[in-house]
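The values are calculated or read from the model by the stated rules, or taken from the named source; none is laboratory data. Fair warning: this is a prediction, and the values are worked out from it, not measured in the lab. So basically every Cβ, Gly included, is an ideal-geometry build from the backbone, and we count neighbours across all protein chains shown.
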Amino acid sequence: MLGGRMAPSRDMFFGRPTRLLLAVAVLVLGASAGSAAATEPDASVQDAKRPSAAGPLKQEYAGIEASPLGIVFGDAPVTPSRYQPGGGAIFRFGRYRWRYAYLTPAELGFFFSSETILLHAQIETGLVLPGPLSRLEVGLGAGLGLVRIAYANTGCDGTCSIGGVGPLFSPLVRYLFVDDPKLSVGASVRALIPVMTPTGDWFGYFTGAGQIVLAAVDVAFGSGR
């Protein structure tokens, strides 16, 4: 363990990233419900305009969440930059979407900025909301990863960092603007929350828990059957 030990992250489930995701979900739900109530046609018109029986994309062949921005949180004596432009992506494989739920058996992702390194592999499951909100998904991923958020402090032997190594959870909210049988395009907000935080020297000198929230553009290809 390179001279360090592992300690549970504080506020793992109800910390600031999770509260941020809940707030985003409530805002999207309210906006979507209001829009649906204002624009939904009567049943006969809706049936006449309904697309072919193929329906929305169900079986994903591949999907990607491209992240140009990370928002970091944590317990550092010197706060890192909150908003961190960078580059990252999550690659999805084999996701299947039922009427009210979905399952992604494999995801691999990364995010890099001048201060942050994120690497992770996980599975994900979630809910597809019913009725006029069927393009909104609320999910939870679980897997393994590294979250290292560096900050400036002369008291460390090497690089001072917050974050975690090992098991992590990843709650998210995703909205699909395009949901066709072979293509979906949307946007997502996802938090990466490590369960354990090393203390001491572990890929840098960790001093406390840290989390990151990713804003992403979501594109997927597949089949409606």
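Please go through the stretch 117-162 and pick out each residue that is within 22 Å of residue 87 (Cβ to Cβ), at pLDDT below 95, assigned to a strand (DSSP E or B) and not aliphatic (A, V, I, L, M).
Residues satisfying the conditions are 148, 151, 161.
Looking at the stretch 163-202, which of its residues are touching a Lys or Arg at 6+ places or on another chain (Cβ under 6 Å) and either assigned to a loop (DSSP other than H, G, I, E, B) or over 19 Å from residue 66 (Cβ atoms) (or both)?
Hits for the stretch 163-202 are 163, 199.
Pick from 138, 147: which is surrounded by 15 or more Cβ atoms within 10 Å (Cβ to Cβ), within 19 Å of residue 67 (Cα to Cα), in contact with a helix residue (DSSP H, G or I) (Cβ under 8 Å, 6 or more places away or on another chain) and touching a residue at least 40 places away in the same chain (Cβ under 8 Å)?
Working: 147 fails: in contact with a helix residue (DSSP H, G or I) (Cβ under 8 Å, 6 or more places away or on another chain).
Only one candidate qualifies: 138.
Look through the stretch 113-134, keep the residues that are out of contact with any Asp or Glu (no Cβ under 6 Å at 6 or more places or on another chain) and among the polar types (S, T, N, Q), and return whichever of them is nearest to residue 210 (Cα to Cα).
So the residue we want is 116.
Could you look through the stretch 203-225, keep only residues that are of a type in the set (Gly, Ala, Ser) and not in a strand (DSSP E or B), and pick out the one that is farthest from residue 136 (Cα to Cα)?
Selected residue: 204.
Among the residues that make up the stretch 183-193, is at least one of them modelled with pLDDT under 95, in contact with a Phe, Trp or Tyr (Cβ under 8 Å, 6 or more places away or on another chain), more than 21 Å from residue 133 (Cβ to Cβ) and surrounded by 15 or more Cβ atoms within 10 Å (Cβ to Cβ)?
The answer is no; no qualifying residue exists.
Please find, among 101, 31, 23, the residue that is within 16 Å of residue 173 (Cβ to Cβ), loosely packed, with under 14 Cβ neighbours inside 10 Å and either in contact with a Cys (Cβ under 6 Å, 6 or more places away or on another chain) or at pLDDT 95 or above (or both).
Sole residue among the options that is within 16 Å of residue 173 (Cβ to Cβ), loosely packed, with under 14 Cβ neighbours inside 10 Å and either in contact with a Cys (Cβ under 6 Å, 6 or more places away or on another chain) or at pLDDT 95 or above (or both): 101.
Does residue 92 meet the test of being in contact (Cβ under 8 Å) with a residue 24 or more places away in the chain, in a strand (DSSP E or B) and of a type in the set (D, E, K, R)?
So residue 92 passes the test.
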